[in-house]
Amino acid sequence: MKKTLCILTIGQSPRADMIPAITKYLPKNLRLIEKGILDDLSTSEIEALAPVDRKKTLVSRLRDGSSVTLGKQFVVSALQRLIDECQTEDIDTILLACTGKFDLFESDIPIVYPDYLLSHVVKGLFKEGELGIVVPLLEQSQSITEKWDDAGFTCSVLASSPYDFKSENLINVAKEMDKLPVTAIVLDCMGYTDEMKKIMVEYTTKPVLVARNVVFSSLAEML
(Lines give C-alpha, C1' and ligand atoms only; values in the text may rest on other atoms or scores of the structure.)
Protein backbone atom coordinates (compact mmCIF):
# COMPACT_ATOMS: atom_id res chain seq x y z
CA MET A 1 0.00 0.00 0.00
CA LYS A 2 1.33 3.44 -0.94
CA LYS A 3 2.23 5.58 2.09
CA THR A 4 1.81 9.35 2.29
CA LEU A 5 4.27 11.83 3.79
CA CYS A 6 3.09 15.37 4.46
CA ILE A 7 5.76 18.06 4.68
CA LEU A 8 4.74 21.09 6.72
CA THR A 9 6.71 24.25 6.04
CA ILE A 10 6.55 27.41 8.14
CA GLY A 11 6.63 29.41 4.91
CA GLN A 12 4.76 28.68 1.70
CA SER A 13 4.53 25.54 -0.36
CA PRO A 14 5.64 24.22 -2.72
CA ARG A 15 9.26 24.21 -1.51
CA ALA A 16 11.05 24.05 -4.85
CA ASP A 17 14.37 24.36 -2.99
CA MET A 18 13.71 21.29 -0.84
CA ILE A 19 11.58 18.68 -2.59
CA PRO A 20 14.18 17.60 -5.20
CA ALA A 21 16.65 17.04 -2.34
CA ILE A 22 14.32 14.96 -0.17
CA THR A 23 13.06 12.78 -3.01
CA LYS A 24 16.60 11.39 -3.44
CA TYR A 25 16.23 9.76 -0.02
CA LEU A 26 12.64 8.54 -0.13
CA PRO A 27 11.04 5.37 -1.54
CA LYS A 28 9.87 5.74 -5.13
CA ASN A 29 6.30 4.69 -4.32
CA LEU A 30 5.86 7.26 -1.52
CA ARG A 31 3.13 9.85 -2.01
CA LEU A 32 4.38 13.31 -1.06
CA ILE A 33 2.21 16.31 -0.25
CA GLU A 34 3.09 19.77 1.07
CA LYS A 35 1.32 22.31 3.24
CA GLY A 36 2.58 25.74 4.28
CA ILE A 37 1.30 27.86 7.14
CA LEU A 38 1.37 30.93 4.86
CA ASP A 39 -0.15 29.30 1.76
CA ASP A 40 -3.47 31.15 1.91
CA LEU A 41 -2.16 34.55 3.02
CA SER A 42 -1.62 37.67 0.93
CA THR A 43 1.61 39.66 0.90
CA SER A 44 0.16 42.30 3.22
CA GLU A 45 -1.12 39.65 5.63
CA ILE A 46 2.33 38.03 5.73
CA GLU A 47 4.04 41.39 6.32
CA ALA A 48 1.75 41.96 9.31
CA LEU A 49 3.17 38.80 10.92
CA ALA A 50 6.67 40.25 11.38
CA PRO A 51 7.87 39.22 14.86
CA VAL A 52 7.80 41.73 17.69
CA ASP A 53 10.39 39.83 19.72
CA ARG A 54 13.30 39.34 17.33
CA LYS A 55 14.90 36.84 19.72
CA LYS A 56 12.03 34.42 19.03
CA THR A 57 12.24 34.60 15.25
CA LEU A 58 11.94 31.74 12.78
CA VAL A 59 12.87 32.04 9.11
CA SER A 60 11.45 30.29 6.07
CA ARG A 61 10.90 30.63 2.33
CA LEU A 62 8.04 32.07 0.33
CA ARG A 63 6.81 30.65 -2.96
CA ASP A 64 8.72 33.31 -4.94
CA GLY A 65 12.02 32.30 -3.33
CA SER A 66 12.30 35.23 -0.91
CA SER A 67 12.62 34.78 2.84
CA VAL A 68 10.14 35.56 5.59
CA THR A 69 10.60 36.05 9.34
CA LEU A 70 7.87 35.00 11.74
CA GLY A 71 7.27 35.02 15.47
CA LYS A 72 7.43 31.59 17.08
CA GLN A 73 4.08 31.93 18.83
CA PHE A 74 2.27 32.38 15.52
CA VAL A 75 4.21 29.52 13.94
CA VAL A 76 3.26 27.10 16.72
CA SER A 77 -0.45 27.87 16.48
CA ALA A 78 -0.43 27.78 12.68
CA LEU A 79 1.40 24.44 12.62
CA GLN A 80 -1.10 22.91 15.03
CA ARG A 81 -3.89 24.06 12.73
CA LEU A 82 -2.30 22.26 9.77
CA ILE A 83 -1.59 19.19 11.89
CA ASP A 84 -5.26 19.11 12.89
CA GLU A 85 -6.13 19.29 9.19
CA CYS A 86 -3.84 16.34 8.48
CA GLN A 87 -5.77 14.17 10.96
CA THR A 88 -8.73 14.11 8.57
CA GLU A 89 -6.65 13.10 5.54
CA ASP A 90 -4.97 9.91 4.35
CA ILE A 91 -1.53 10.78 5.76
CA ASP A 92 0.88 8.33 7.41
CA THR A 93 3.71 10.61 8.56
CA ILE A 94 4.22 14.34 9.06
CA LEU A 95 7.59 16.09 8.69
CA LEU A 96 8.08 19.54 10.18
CA ALA A 97 10.37 21.32 7.72
CA CYS A 98 12.01 23.47 10.40
CA THR A 99 14.90 22.87 12.81
CA GLY A 100 13.43 25.15 15.46
CA LYS A 101 12.77 23.61 18.85
CA PHE A 102 9.09 22.82 19.43
CA ASP A 103 7.13 21.21 22.20
CA LEU A 104 5.23 18.13 21.03
CA PHE A 105 2.15 18.87 18.97
CA GLU A 106 -1.15 17.05 19.39
CA SER A 107 -1.42 14.44 16.65
CA ASP A 108 -2.49 10.84 16.12
CA ILE A 109 -0.16 10.77 13.10
CA PRO A 110 3.57 10.34 13.80
CA ILE A 111 5.46 13.65 13.52
CA VAL A 112 9.16 13.89 12.71
CA TYR A 113 10.86 16.76 14.57
CA PRO A 114 14.09 17.84 12.81
CA ASP A 115 15.55 19.53 15.90
CA TYR A 116 15.27 16.31 17.90
CA LEU A 117 16.89 14.25 15.14
CA LEU A 118 19.67 16.75 14.51
CA SER A 119 20.65 17.23 18.15
CA HIS A 120 20.77 13.49 18.83
CA VAL A 121 22.83 12.72 15.72
CA VAL A 122 25.29 15.50 16.59
CA LYS A 123 25.42 14.18 20.18
CA GLY A 124 26.17 10.70 18.90
CA LEU A 125 28.94 11.95 16.62
CA PHE A 126 30.66 14.53 18.81
CA LYS A 127 29.43 13.84 22.39
CA GLU A 128 30.10 17.33 23.82
CA GLY A 129 32.21 20.47 23.40
CA GLU A 130 31.73 23.55 21.26
CA LEU A 131 29.90 23.69 17.96
CA GLY A 132 29.89 26.29 15.23
CA ILE A 133 26.26 26.96 14.37
CA VAL A 134 25.23 28.78 11.20
CA VAL A 135 21.73 30.29 11.13
CA PRO A 136 19.85 32.61 8.78
CA LEU A 137 19.69 35.60 11.17
CA LEU A 138 22.00 36.75 13.94
CA GLU A 139 18.92 37.66 16.00
CA GLN A 140 18.40 33.93 16.44
CA SER A 141 21.65 33.59 18.41
CA GLN A 142 20.08 33.48 21.88
CA SER A 143 17.42 30.88 21.08
CA ILE A 144 19.94 28.77 19.15
CA THR A 145 22.46 28.93 21.98
CA GLU A 146 19.78 27.81 24.44
CA LYS A 147 18.69 25.01 22.12
CA TRP A 148 22.18 23.55 21.80
CA ASP A 149 22.88 24.08 25.49
CA ASP A 150 19.92 21.79 26.18
CA ALA A 151 21.65 19.20 23.97
CA GLY A 152 24.87 19.50 26.01
CA PHE A 153 26.91 21.77 23.73
CA THR A 154 28.27 25.28 23.89
CA CYS A 155 28.25 27.05 20.57
CA SER A 156 29.48 29.98 18.54
CA VAL A 157 26.77 31.37 16.27
CA LEU A 158 27.25 33.16 12.96
CA ALA A 159 24.65 34.07 10.35
CA SER A 160 24.35 33.56 6.60
CA SER A 161 20.89 33.25 5.07
CA PRO A 162 20.20 30.28 2.77
CA TYR A 163 17.30 32.22 1.25
CA ASP A 164 18.78 35.67 0.61
CA PHE A 165 21.90 33.77 -0.30
CA LYS A 166 25.26 35.39 -1.01
CA SER A 167 28.21 33.02 -1.38
CA GLU A 168 30.69 35.62 -0.09
CA ASN A 169 28.79 35.79 3.20
CA LEU A 170 28.99 32.02 3.65
CA ILE A 171 32.68 32.02 2.73
CA ASN A 172 33.36 34.64 5.41
CA VAL A 173 31.44 32.55 7.95
CA ALA A 174 33.45 29.44 7.02
CA LYS A 175 36.75 31.30 7.42
CA GLU A 176 35.69 32.74 10.77
CA MET A 177 34.46 29.36 12.04
CA ASP A 178 37.74 27.76 11.02
CA LYS A 179 39.57 30.06 13.46
CA LEU A 180 37.35 29.08 16.38
CA PRO A 181 37.89 26.09 18.72
CA VAL A 182 34.76 24.31 17.48
CA THR A 183 34.54 20.57 16.93
CA ALA A 184 32.14 20.77 14.00
CA ILE A 185 29.94 23.21 12.08
CA VAL A 186 26.20 22.70 11.78
CA LEU A 187 24.13 24.46 9.11
CA ASP A 188 21.08 24.73 11.36
CA CYS A 189 18.18 25.45 9.01
CA MET A 190 16.32 23.27 6.54
CA GLY A 191 17.12 25.79 3.80
CA TYR A 192 20.85 25.02 3.68
CA THR A 193 21.87 22.82 0.75
CA ASP A 194 24.67 20.48 -0.36
CA GLU A 195 25.94 23.26 -2.61
CA MET A 196 26.31 25.53 0.42
CA LYS A 197 28.17 22.79 2.26
CA LYS A 198 30.57 22.44 -0.68
CA ILE A 199 31.34 26.16 -0.45
CA MET A 200 32.04 25.89 3.28
CA VAL A 201 34.32 22.86 3.14
CA GLU A 202 36.65 24.72 0.78
CA TYR A 203 37.34 27.24 3.53
CA THR A 204 37.36 25.18 6.72
CA THR A 205 38.97 22.00 8.01
CA LYS A 206 36.06 21.39 10.41
CA PRO A 207 33.38 18.76 9.65
CA VAL A 208 30.26 20.43 8.21
CA LEU A 209 26.80 18.94 8.82
CA VAL A 210 23.76 19.98 6.78
CA ALA A 211 20.58 19.73 8.86
CA ARG A 212 18.32 18.61 6.03
CA ASN A 213 20.63 15.72 5.10
CA VAL A 214 20.57 14.40 8.66
CA VAL A 215 16.78 14.68 8.74
CA PHE A 216 16.06 13.26 5.29
CA SER A 217 18.37 10.24 5.69
CA SER A 218 16.92 9.44 9.12
CA LEU A 219 13.37 9.83 7.86
CA ALA A 220 14.05 7.45 4.97
CA GLU A 221 14.82 4.68 7.45
CA MET A 222 11.24 4.69 8.77
CA LEU A 223 9.39 4.91 5.44
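Values as computed for the structure displayed
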{"item": "Helices (runs of 4 or more DSSP H) fully within the stretch 1-89 counting 3 or more residues that are out of contact with any Cys (no Cβ under 6 Å at 6 or more places or on another chain) and under 18 Å from GLU139 (Cβ atoms)", "result": "72-86"}
{"item": "Members of the stretch 4-34 that are closer than 12 Å to ALA220 by Cα and surrounded by fewer than 20 Cβ atoms within 10 Å (Cβ to Cβ)", "result": "THR23, LYS24, TYR25, LEU26, PRO27, LYS28, LEU30"}
{"item": "Residue match in the stretch 179-186 (condition: out of contact with any strand residue (DSSP E or B) (no Cβ under 8 Å at 6 or more places or on another chain) and surrounded by fewer than 20 Cβ atoms within 10 Å (Cβ to Cβ))", "result": "yes"}
{"item": "Residue ID - surrounded by the fewest Cβ atoms within 10 Å (Cβ to Cβ), chosen from residues in the stretch 187-207 that are within 24 Å of THR57 (Cα to Cα) and among the hydrophobic types (A, V, I, L, M, F, W, C)", "result": "MET196"}
{"item": "Residue list for the stretch 101-117, restricted to those being within 13 Å of ALA211 (Cβ to Cβ) and either in contact (Cβ under 8 Å) with a residue 60 or more places away in the chain or in a strand (DSSP E or B) (or both)", "result": "VAL112, PRO114, LEU117"}
{"item": "Inter-residue pairs, beta-carbon under 7 Å, first crowded, with 18+ Cβ neighbours inside 10 Å and in the stretch 146-172, second part of a loop (DSSP other than H, G, I, E, B) and aromatic (Phe, Trp, Tyr), 6+ apart", "result": "PRO162/TYR192"}
{"item": "Cβ-Cβ under 8 Å pairs, at least 6 apart or on other chains, the stretch 118-139 side within 14 Å of PRO207 (Cα to Cα), far side of a type in the set (D, E, K, R) and open to solvent by less than 50 Å² (accessible area, probe 1.4 Å)", "result": "GLY132/LYS206; ILE133/ASP188; VAL134/ASP188"}
{"item": "Residue count for the stretch 99-129, restricted to those that are surrounded by fewer than 13 Cβ atoms within 10 Å (Cβ to Cβ) and either under 15 Å from the mean Cα position of the chain (by Cα) or at positive phi (or both)", "result": "1"}
{"item": "Residues within the stretch 208-223 that are without any contact (Cβ under 8 Å) to a residue 40 or more places away in the chain and loosely packed, with under 14 Cβ neighbours inside 10 Å, tallied", "result": "1"}
{"item": "The stretch 130-145: number of residues that are open to solvent by 50 Å² or more (accessible area, probe 1.4 Å) and among the aliphatic types (A, V, I, L, M)", "result": "1"}
{"item": "Qualifying residue in the stretch 75-87 (condition: touching a residue at least 40 places away in the same chain (Cβ under 8 Å), of a type in the set (Ser, Thr, Tyr) and out of contact with any helix residue (DSSP H, G or I) (no Cβ under 7 Å at 6 or more places or on another chain))", "result": "no"}
{"item": "Residue that is least open to solvent (accessible area, probe 1.4 Å), among those in the stretch 36-58 that are free of Cβ contacts under 8 Å to residues at least 24 places away in the same chain and in contact with a helix residue (DSSP H, G or I) (Cβ under 9 Å, 6 or more places away or on another chain)", "result": "PRO51"}
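The values are calculated or read from the model by the stated rules, or taken from the named source; none is laboratory data. Model, not experiment: these values are computed from the prediction. Backbone-built Cβ (ideal geometry, glycine too); neighbour counts: all protein chains shown. Calculation scope for accessible area: heavy atoms of the full protein, side chains included, ligands and nucleic acids excluded. Shrake-Rupley method; radii C 1.70, N 1.55, O 1.52, S 1.80 Å.
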